[in-house]
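**Student:** Here it is, the structure in full.
None of the figures in this text is laboratory data; all of them are computed from the coordinates on show. These numbers were taken from a predicted model, which means no experiment stands behind them. Cβ sites come from the backbone with ideal geometry, for glycine too, and all protein chains shown count toward neighbours.
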Amino acid sequence: MADTTGSGKTAQELPPKASLAVELTDDVVKLAPVAEGVETELSRLPKAVEKVPHELVKLPATVVKELPVELGSTEAYVEAKLPMIEALPLPDILFGGGVLVAVVILQAIGMRLLVGRFDKRAQRIEQRSGWWSVDLLLGFTVFRMLGLHLMSIILWSAALVYGGIMPVWAAAARFAALSYTTLGTHRVLSDEWYMLSPIIAISGMFTFAWTASVLVNIVGKCNELRALAREARHQRRDARSHATVTVPPGDPAAGVSGAGASRTW
């Protein structure tokens, strides 16, 4: 009897089917605006993706224009506490330091690809040594290093142009190249970015030192390849010289007597 009563109460407590349908309808009605909002956002997604490259191009200019203003209070506070910080403005350090890190990363990727390509070609040359192949390999490697440094200069030029610091690409490239190679230029940037030229020069010193260390190893490897080529040439010359051996007349080892007798091995 207890179980039957419990079952009857449970059946009575359950809501009828009509009330369940009404509740489900209400939930669907409440979720309809949410679904419409999600569909609207999804429809806007392709347009947002198309705008991303244009927004990325505008990013350096936005940073250059807003960075001094945003850091104005912080820079003033730091200068009040440490007057020496006036020689190292924060906008120059942050913007220039970010581009410097990008240049170093570009150098790392380029050097890794360059050294890998050199090692593959060196292995092929070891199997078939030749003077001209070693010299061509060294020349192409040095040319790739030049291209890598030119890409770094282009990156600095893009930072100057898109950042709104210099409006003309030719002038920006000339300024970046002269600063990157530490030659210096007569052109001076505005007072807000006067430390940017030394930062470009510092990036050039980093990358040139890196390239010089790699070039020393490459030249040493090329010298080893030339030594192998020289040894292989001597071996081929000795093999040709010993291909034909002339035996002196009257040599008992030849088994032939008489003047002018000879044997070819």
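**Student:** State, to one decimal in nm, how far the label point of residue 120 lies from the label point of residue 217, with both points 7 Å from Cα in the Cβ direction.
**Tutor:** If labels sit at residue 120 and residue 217, their model points lie 1.8 nm apart.
**Student:** Next question, about the same structure. Please give the length that would be gained between residue 242 and residue 140 if that part of the chain were fully extended, namely 0.36 nm times their separation in residues minus their C-alpha to C-alpha distance (nm, one decimal).
**Tutor:** Gain in length upon complete extension: 32.9 nm.
**Student:** Can you give me the distance in nm between label points at residue 154 and residue 182, each placed 7 Å from the Cα along the Cα-to-Cβ direction?
**Tutor:** Simple spin-label model gives 2.6 nm for this pair.
**Student:** Label-point separation (nm) for residue 227 and residue 101, each offset 7 Å from Cα along Cα-to-Cβ?
**Tutor:** Here the modelled spin labels are 4.3 nm apart.
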